[in-house]
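Novice: The structure is given below, and queries will be raised subsequently.
The values are calculated or read from the model by the stated rules, or taken from the named source; none is laboratory data. All of these numbers come straight from a predicted model, not from anything done at the bench. Here the Cβ positions follow ideal geometry from the backbone for every residue, glycine too, while neighbour counts run over all protein chains shown.
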C-alpha cells in the first residue's frame, strides 16, 4: 500500500512548507471516515486509503514533534510516523466502533520509537519492553527532577525512577550513562598526528587458531570414543541410554516403560546398567590408546 499512492514527503529543509501543505487535507467526519474505511477494507480502494492517511498527516506531525529531544531530524521522524500511519490504515477495522486516530496513534508512536532506537546509537539498545520504556521515559523523569544536566543521578533519584518504571536500579544507571555519552568511531585517531586508531588498542579475546584447532580435534576424539562405546551396548540399552542421558529433553521413564512394555523401575535399571557399561568401554579404549602411544 505504501508505494501505491503518493504521500507528501517531509524533508528537514522544507519542514515549514510540508506542515503548510498537509493542512490542505480536510479532516474527516465520522461517517465519511467509516465509509472510506469500509471501501478500503472490502474492495481495496486505494483512493479511500489515501484519503484516510492524508487526513491524519497532521496527527503524525504532532506526535513526531514530541520526539524532537532525541536529536534526530524531525523530517525523518515524520516520515517514519507516516509509515506507521499507513500500517494503521491497512489494519484498521471500522466495525470496532472507535475512530481511526485512536487506533493509529499507537502505530505512529511504535514506528517512530523503533526508528529512534535503531538510529540514535550505533550500539543496539532497548531490546526488551522494559528497556524501551526506560529509554523513552528517563528523559522525562529527569526533567521533572530537574536533573537533565547533572551527569550521574543521585541514589535517591535512581531509586525513584526505578520504582516508577518498575525496572532494576542498575538498568537506570546504565541507561542514563549510555544516553549521556555519544558514540565514537573505532577508526578515530588516538594521537593528534593521526597515527594509530582506537581499534588498535582493542584486545582480541577470541581463541587463537591453534587453540580452536586443538579443541576441534579433542571434540572429534570424544565423539569417536562415545560412538565406539555405544557400539558395545545392545539395541535396547543403547536406545534407552540415548533417550535418558544424551537428549536435551530426556524421555520419561513412563514413556519408555510403555514403549517396551516393562515397568519404570526396569527401565531405570537398564539405564543404570547401560551407563556403567558405557563408562567401562570408554575407560578401556582410553587405556588402550594411551598404551599404544606410550
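Novice: Condition test on residue 103, is it under 17 Å from residue 29 (Cα atoms) and under 26 Å from the mean Cα position of the chain (by Cα)? Please lay out each step first, then the result.
Specialist: Details: under 17 Å from residue 29 (Cα atoms): yes; under 26 Å from the mean Cα position of the chain (by Cα): yes.
Yes: the conditions hold for residue 103.
Novice: List pairs: first in segment 33-57 and in contact (Cβ under 8 Å) with a residue 60 or more places away in the chain and assigned by TED's automatic domain parsing to the domain that holds residue 109, second crowded, with 19+ Cβ neighbours inside 10 Å and assigned to a loop (DSSP other than H, G, I, E, B), Cβ under 6 Å, 6+ apart or cross-chain?
Specialist: 37/92
Novice: For segment 75-96, how many residues are under 20 Å from residue 39 (Cα atoms) and assigned to a helix (DSSP H, G or I)?
Specialist: Going through segment 75-96, the residues under 20 Å from residue 39 (Cα atoms) turn out to be 85-96.
When the remaining residues are screened for being assigned to a helix (DSSP H, G or I), the result is 85-91, 94-96.
Qualifying residue count for the region: 10.
Novice: Just to be sure, is residue 161 in contact with a helix residue (DSSP H, G or I) (Cβ under 9 Å, 6 or more places away or on another chain) and modelled with pLDDT of 85 or more? Steps first, answer last, please.
Specialist: Values: in contact with a helix residue (DSSP H, G or I) (Cβ under 9 Å, 6 or more places away or on another chain): yes; modelled with pLDDT of 85 or more: no.
In short, no.
Novice: Of everything in segment 223-271, what is under 14 Å from residue 282 (Cβ atoms) and not in a helix (DSSP H, G or I)? Give them in sequence order.
Specialist: Across segment 223-271, the qualifying residues are 231, 232, 233, 246.
Novice: Additional query: List the number of the failed condition for residue 72; all other conditions in (1) over 25 Å from residue 19 (Cα atoms); (2) not in a helix (DSSP H, G or I) hold.
Specialist: For residue 72, the failing item is (1).
Novice: Still on this structure, please answer the following. Quick check, is residue 107 closer than 30 Å to residue 176 by Cβ and either at pLDDT below 90 or assigned by TED's automatic domain parsing to the domain that holds residue 161 (or both)?
Specialist: Spelling it out, it is not the case that residue 107 is closer than 30 Å to residue 176 by Cβ and either at pLDDT below 90 or assigned by TED's automatic domain parsing to the domain that holds residue 161 (or both).
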